[in-house]
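Scroll down for the structure; my scribbles are underneath it.
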Amino acid sequence: MPAERGTNGAPRLRLQMGQSSAERPPHPDPLPEGEGAEAGRPVGIVVGLVAEAKVAGSLGARIAIGGSTSAGAASAADTLAPRVSALISFGLAGGLDPALPPGALLIPATVLAEDGQWDTDPILNARLGGPTPGALFGDGAILATTGAKAALHARTGAVAVDLESAAVARIAARHGLPFAVLRAVCDPAGRDLPRAALAALDGQGRIGALRVAAAILAQPGEILGLIALGRDAARARLALVTRVRAIGRLGSAP
């Protein structure tokens, strides 16, 4: 697997923050004329869902919503990159390691994809709470079945998976920015994702109640699976909220 390192040779993070804002690409405000590459710039956070952006809002970062796709995450990160001092991939993830329960926090030292791997920034990792064991596979399609999760775990050794982190890592490497991940396991390795949940998201990272209802009517047997997923998602959200409160504003660190 060809390697591409996002942090080797990249400038280390200057933990200085501006005002908090939540925004969607691709319409960035122009940079002030003469502003330096990092001075006074906030950290940028890429999320997939509107709900994830709300959780991250108190970190004092610029936030862009990618809509839970690799392409959307890349666009969001590329929009943020000229205006931030670092990039963080934030939100929910799927478990690949059966030992990881819903709500387990992930701050991986390495992000994997089919075309490479990226080391996350140790200073950012420490500020987020310290690295956790195992790599994150951050690319590709949603893994909806336990069999698909087990196969990826066996092939890559990754302990969790998401759709956005590798895309954000590529953009961070391209711009020479420090990069990190803060995520929580939502659907564990031992549970399939209901098809109704997959139908719920739109391209803007919002969950549509009407789409969920239509999917349930088509597949009423998935109601119990949706209830279990909702319970797991609540645990993951609580874990992220708790960690965000512990971190405070990222700019408070020296």
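Per-peptide packing, taken as the mean over residues of other Cβ atoms within 10 Å, places 50-62, 169-181 in the sequence 169-181, 50-62 from highest down. Sort segment 61-208 into rounded, prolate or oblate with this rule: let a ≥ b ≥ c be the square roots of the eigenvalues of the Cα gyration tensor; rounded if a/c is under 1.5, and if a/c is not under 1.5, prolate when a/b is larger than b/c, oblate otherwise. Since a/c reaches 1.5 but b/c is at least a/b, the shape of segment 61-208 is classed as oblate. Note on ALA126 and ALA234: the model spin-label points, each 7 Å out from Cα along the C-beta direction, lie 3.8 nm apart.
Annotation for LEU224 and THR242: the two label points, set 7 Å from Cα along the Cα-Cβ direction, are 2.8 nm apart.
Annotation: amide H of VAL43 within the under-5 Å range of GLY18, ARG62, SER85, sequence separation 5 or more or interchain, hydrogens built in the peptide plane. Residues within the reach of a label modelled at GLU114 (point 7 angstrom out along Cα to beta-carbon, backbone nitrogen below 14 Å), restricted to segment 48-70, are 70.
Where a number appears in this text, it was derived from the coordinates with a stated rule and is not lab data. Being a predicted model, the structure only gives us computed values, none of them experimental. When we count neighbours, we look across all protein chains shown, and the Cβ atoms used for this are built from the backbone with ideal geometry, even at glycine.
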